[in-house]
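**Student:** Structure incoming, see below.
The values are calculated or read from the model by the stated rules, or taken from the named source; none is laboratory data. Predicted model, so just to flag it, every value in this text is computed and none were measured. Note that each Cβ is placed from the backbone with ideal geometry, even for glycine, and that neighbours are counted across all protein chains shown.
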Amino acid sequence: MNTLNAKIDPRDGKLVMAHFYVAFIALAVGGLAGLLQTLVRSGKFVLPAGIGYYQILTVHGVVLGLVLTTFFIMGFQIAATSRTSGTLSNLQRKLGWIGFWLMTAGTLMAATMILLNKASVLYTFYAPLQAHFIYYLGLTLVVVGSWVDGAAVLGKYISWRKQNPGQPSPLITFMAVVNTMLWIVATIGVAATVLFQLLPWSLGIVDRVDVLVSRTLFWYFGHPLVYFWLLPAYMAWYVVIPKVIGAKIFSDSLARLSFILFLLFSIPVGFHHQLMEPGIDPAWKFLQVILTFLVVIPSLMTAFSLFATFESYGRSKGATGLFGWFKKLPWGDARFTVPFIGMLSFIPAGAGGLVNASHQLNQVIHNTIWVTGHFHLTLATAVVLTFFGISYWLVPHVTGRVLTKAMNKLAIYQGVLWAIGMTFMSGAMHAAGLLGAPRRSSFSEYGGAAQATEWIPYQIAQAVGGTILFVAIILMLYIFVNLAFFAPKGEEEFPIGEVSDKAEKSPMVFENWKLWLGITALLILFAYTIPFIDMIQNAPIGSKGYKLW
Amino acid sequence: MHLDEKIWLTLSFGMIMIFMLITGYQTFALEMGPPSHQETIDPEKVDQTAPFNEPGIKKIGENEYEVVMTLQIFSFTPNTIEVPAGSKVHFILTSKDVVHGFEVANTNINAMVMPGHIQKITQTFDQPGEYLVLCNEYCGAGHQMMSMTISVK
């Protein structure tokens with residue numbers, strides 16, 4: 001580990017912070033949009049100045065689902081690679097900056113079109129609703145920029161392997177590489193629909209678009225997208241959290257195995273978002289449901305590994321009894337407690353995900369607000385609270401400041417407030433969804449229908465939760481600004497855990513990318529080739545574009 | 001590998017296998033799979049294409065009905081139907097413009113209705129009452145107004 005940097009090179013740190021500035025601006029804008037949505041849907045508030053509900057819904061989805069996540073993840077992965085595999089070369093850093101500016105330019109283009117109300121098509125942009133071509137072009141730049149950004153991480157990994165032949169790469173670098181590959185393979189789908197279908201169509205070069213093909217390409221991307229969000233949180237849980245609490249990583253090879261399983265099984269599963277659609281053979285839908293279930297396994301492995309780490313740490317501190325170790329955990333440390341709240345939320349979130357994937361159970365909740373409740377536990381709690389937990393040490397680490405006791409306390413309040421707000425909001429969303437309340441719909445009494453009247457108290461609970469969450473966002477932004485500009489100068493550790501002495505050495509087969517990418521490609525071809533050919537052979541005449549907002 | 005780890009992984013795989021078997025049994029043996037009809041249609045000629053040239057409800061058997069329905073911004077045609085309790089209703093659906101959703105609240109009816117595709121779904125209505133039908137896929141500024149009712153007497 002001769003290339004391990006205890007402190008990230010300031011030039012790499014600057015690149016990381018650039019990503020984080022955009023991510024936290026996105027948090028402010030997207031959070032405000034989210035607050036407004038819950039208020040509108042309570043039925044007690046009307047948006048001023050002719051702003052549309054679906055316009056702010058598009059802002060919320062794009063800015064939080066795509067911008068906040070992608071910028072934060074790219075920044076974090078660059079930091080993790082630079083910390084454990086050594087400072088980026090000038091070329092690698094230049095790639096990072098080119099990627100950053102491409103993504104930023106793309107974000108601004110898409111944002112401008114949304115603000116001009118030329119793109120109220122939500123972040124999933126389902127055809128034949130047709131946005132302005134600049135919206136699609138902007139999103140393309142975000143994706144292309146992320147590829148260039150990812151090339152910096154891949155480049156560093158390749159040069160590390162050359163300098164350390166026969167050695168397994170540092171664990172967190174390995175994980176960043178898996179997530180970058182997952183992202184590149186996944187985004188090929190969305191790039192294909194945007195470049196070959198939506199852009200030519202919105203420019204008027206072609207008249208019609210095949211709706212089913214476009215949705216299928218989107219969801220080929222859309223499910224691995226959620227694992228692209230989740231894996232950086234798992235990186236922190238596997239590698240950073242053990243060091244924060246003063247424990248060792250339970251098993252290096254188990255961690256690598258679970259990441260490889262995510263690469264293999266998170267992509268050929270997109271049909272579970274399309275279970276209710278015509279034109280796809282039910283046998284192929286079922287096959288992808290089976291593959292979806294398999295992707296649960298690495299998450300269950302992760303849960304085991306984490307709690308094994310916590311328990312062995314507690315016992316090493318003299319804990320006795322079945323759950324005595326629980327009290328020994330460092331609850332006063334925000335770097336641990338805030339991500340831990342995220343981990344806990346992943347238990348109901350994962351269970352809900354199994355419901356969603358379960359073929360005919362999906363029929364009960366598809367496109368109801370249950371689904372919104374689900375991904376506000378996964379993405380907007382488990383993942384986001386872990387990202388906040390990372391920021392508490394990574395921002396001061398690269399700005400040469402420290403997380404003070406006062407800020408640490410505020411950070412814990414922030415996490416707890418988030419948990420309370422999300423319990424209200426996501427809980428009410430799950431409940432209303434089971435009663436049939438739709439997602440992605442503005443306030444409506446549906447002509448006074450009795451069933452819709454039942455949903456309104458839950459919608460008010462969502463607004464209460466949304467308001468609490470917005471307060472938590474303001475706290476987070478305050479902490480971020482403090483850590484970036486005002487906290488006292490000092491050294492904040494970038495915690496990287498060491499593997500337990502008892503763990504076996506990781507076999508080199510994990511670094512065999514020809515093998516893993518090969519199996520990934522085979523699984524994708526297996527799950528998609530025949531139904532995709534079916535779709536094209538039996539395609540109806542395409543659809544013209546509609547602008548209906 | 002640690003013994004506890006083996007136990008945990010065995011339980012995990014076991015649980016997942018059970019889920020697979022149950023969903024598989026329901027889908028293939030009990031025919032409870034999600035709506036996946038395969039026919040297509042020209043979305044701009046829906047009004048001229050049978051059976052959508054005559055949307056409405058038709059009795060096709062003892063306690064059995066067929067409902068031919070078009071979805072378009074921001075309405076369902078027909079926009080109200082009535083059936084006796086215990087009726088089995090076959091819905092035949094298509095969209096004249098963008099993607100819509102067909103959801104009957106408090107039932108298992110939930111289907112995407114896409115332009116160019118014909119979708120079919122069947123439900124037996126045992127409980128009398130007014131059922132709210134709504135579009136659950138964003139279709140434009142009036143999306144939240146798109147609804148109809150099914151009265152089960």
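**Student:** Can you tell me how many residues within region B:112-131 are surrounded by 24 or more Cβ atoms within 10 Å (Cβ to Cβ), within 7 Å of chain A (Cβ to nearest Cβ) and part of a strand (DSSP E or B)?
**Tutor:** Summing the residues that are surrounded by 24 or more Cβ atoms within 10 Å (Cβ to Cβ), within 7 Å of chain A (Cβ to nearest Cβ) and part of a strand (DSSP E or B) in region B:112-131 gives 4.
**Student:** Further question on the same structure: Find all pairs meeting these conditions: Cβ atoms under 9 angstrom apart; at least six residues apart or on different chains; first residue within region B:8-33 and modelled with pLDDT of 95 or more; second residue loosely packed, with under 12 Cβ neighbours inside 10 Å and part of a helix (DSSP H, G or I).
**Tutor:** Qualifying pairs under 9 Å: none.
**Student:** Follow-up question, since we're still on this one. Can you tell me which residues in region A:112-129 are surrounded by fewer than 20 Cβ atoms within 10 Å (Cβ to Cβ), among the polar types (S, T, N, Q) and more than 20 Å from the chain's Cα centre (by Cα)?
**Tutor:** A:Thr112, A:Asn117
**Student:** I've got another one for you. From A:Ile496, A:Ile533, which residue is surrounded by 14 or more Cβ atoms within 10 Å (Cβ to Cβ) and either over 26 Å from B:Glu5 (Cα atoms) or out of contact with any strand residue (DSSP E or B) (no Cβ under 7 Å at 6 or more places or on another chain) (or both)?
**Tutor:** Numbers: A:Ile533 fails: surrounded by 14 or more Cβ atoms within 10 Å (Cβ to Cβ).
Answer to the selection: A:Ile496.
**Student:** Conditions first: (1) over 30 Å from A:Ser500 (Cβ atoms); (2) surrounded by 24 or more Cβ atoms within 10 Å (Cβ to Cβ); (3) of a type outside the set (Ser, Thr, Tyr). A:Ala233 passes all but one, so which condition is the exception?
**Tutor:** (1)
**Student:** Return the pair list, or none, for Cβ contacts closer than 8 Å from residues in region A:468-496 that are over 15 Å from A:Leu27 (Cβ atoms) to residues that are part of a helix (DSSP H, G or I) and among the hydroxyl-bearing types (Ser, Thr, Tyr), at least 6 apart or on different chains.
**Tutor:** Taking only residues 6 or more apart or on different chains, the pairs are A:Phe485/A:Thr399; A:Ala487/A:Thr399; A:Ile496/A:Thr84.
**Student:** Taking the conditions exactly as written (under 29 Å from A:Thr520 (Cβ atoms), hydroxyl-bearing (Ser, Thr, Tyr) and modelled with pLDDT of 95 or more), does A:Thr337 satisfy them or not?
**Tutor:** On the way: under 29 Å from A:Thr520 (Cβ atoms): no; hydroxyl-bearing (Ser, Thr, Tyr): yes; modelled with pLDDT of 95 or more: yes.
Against the criterion (under 29 Å from A:Thr520 (Cβ atoms), hydroxyl-bearing (Ser, Thr, Tyr) and modelled with pLDDT of 95 or more), A:Thr337 does not qualify.
**Student:** Specify the residue that is surrounded by the most Cβ atoms within 10 Å (Cβ to Cβ); the eligible residues are those in region B:39-91 that are within 14 Å of chain A (Cβ to nearest Cβ) and farther than 22 Å from A:Ser543 by Cα.
**Tutor:** Restricting to residues being within 14 Å of chain A (Cβ to nearest Cβ) and farther than 22 Å from A:Ser543 by Cα, the top hit is B:Phe91.
**Student:** With the structure loaded, tell me whether B:Asn106 is part of a loop (DSSP other than H, G, I, E, B), touching an Asp or Glu at 6+ places or on another chain (Cβ under 6 Å) and without any contact (Cβ under 8 Å) to a residue 60 or more places away in the chain or whether it fails that test. Quick ask: steps written out before the conclusion?
**Tutor:** On the way: part of a loop (DSSP other than H, G, I, E, B): yes; touching an Asp or Glu at 6+ places or on another chain (Cβ under 6 Å): no; without any contact (Cβ under 8 Å) to a residue 60 or more places away in the chain: yes.
The answer is no for B:Asn106.
**Student:** Separate question: Test A:Phe470 against the stated conditions and say whether it is part of a helix (DSSP H, G or I), under 27 Å from B:Ala105 (Cα atoms) and aromatic (Phe, Trp, Tyr).
**Tutor:** It is false that A:Phe470 is part of a helix (DSSP H, G or I), under 27 Å from B:Ala105 (Cα atoms) and aromatic (Phe, Trp, Tyr).
**Student:** Moving on to the next point. In region A:253-270, which residues are in a helix (DSSP H, G or I) and more than 10 Å from chain B (Cβ to nearest Cβ)?
**Tutor:** Of everything in region A:253-270, those that are in a helix (DSSP H, G or I) and more than 10 Å from chain B (Cβ to nearest Cβ) turn out to be A:Ala255, A:Arg256, A:Leu257, A:Ser258, A:Phe259, A:Ile260, A:Leu261, A:Phe262, A:Leu263, A:Leu264, A:Phe265, A:Gly270.
**Student:** Of the residues A:Phe346, A:Phe336, A:Phe293, which single one is of a type in the set (Phe, Trp, Tyr), surrounded by 17 or more Cβ atoms within 10 Å (Cβ to Cβ), within 14 Å of chain B (Cβ to nearest Cβ) and within 21 Å of the chain's Cα centre (by Cα)?
**Tutor:** Just a single option satisfies the conditions, and that option is A:Phe293.
**Student:** Within the group A:Leu64, A:Leu36, which residue is within 19 Å of the chain's Cα centre (by Cα) and closer than 27 Å to A:Pro457 by Cα?
**Tutor:** A:Leu64
**Student:** Can you tell me which of (1) within 20 Å of the chain's Cα centre (by Cα); (2) more than 25 Å from A:Ile390 (Cα to Cα) is the one A:Asp207 doesn't meet?
**Tutor:** Status for A:Asp207: all satisfied but (1).
**Student:** A further question on this structure: Any residue at all in region A:455-463 that's more than 30 Å from A:Ala33 (Cα to Cα), within 23 Å of the chain's Cα centre (by Cα), buried (at least 20 other Cβ atoms within 10 Å of the Cβ) and at pLDDT 95 or above?
**Tutor:** no
**Student:** So, in region B:132-148, how many residues would count as being in contact (Cβ under 8 Å) with a residue 40 or more places away in the chain, facing chain A (nearest Cβ under 7 Å) and part of a strand (DSSP E or B)?
**Tutor:** 1
**Student:** Within region B:92-103, restricting attention to residues that are assigned to a loop (DSSP other than H, G, I, E, B) and facing chain A (nearest Cβ under 7 Å), which residue is surrounded by the most Cβ atoms within 10 Å (Cβ to Cβ)?
**Tutor:** Only one residue tops the list, namely B:Val98.
**Student:** What number goes with the only condition from (1) more than 21 Å from the chain's Cα centre (by Cα); (2) facing chain B (nearest Cβ under 10 Å); (3) among the hydrophobic types (A, V, I, L, M, F, W, C) that A:Val244 does not pass?
**Tutor:** (2)
**Student:** Separate question: Can you tell me which of A:Gly415, A:Gly421, A:Gly447 is of a type outside the set (Asp, Glu) and free of Cβ contacts under 8 Å to residues at least 24 places away in the same chain?
**Tutor:** Residue meeting the stated conditions: A:Gly447.
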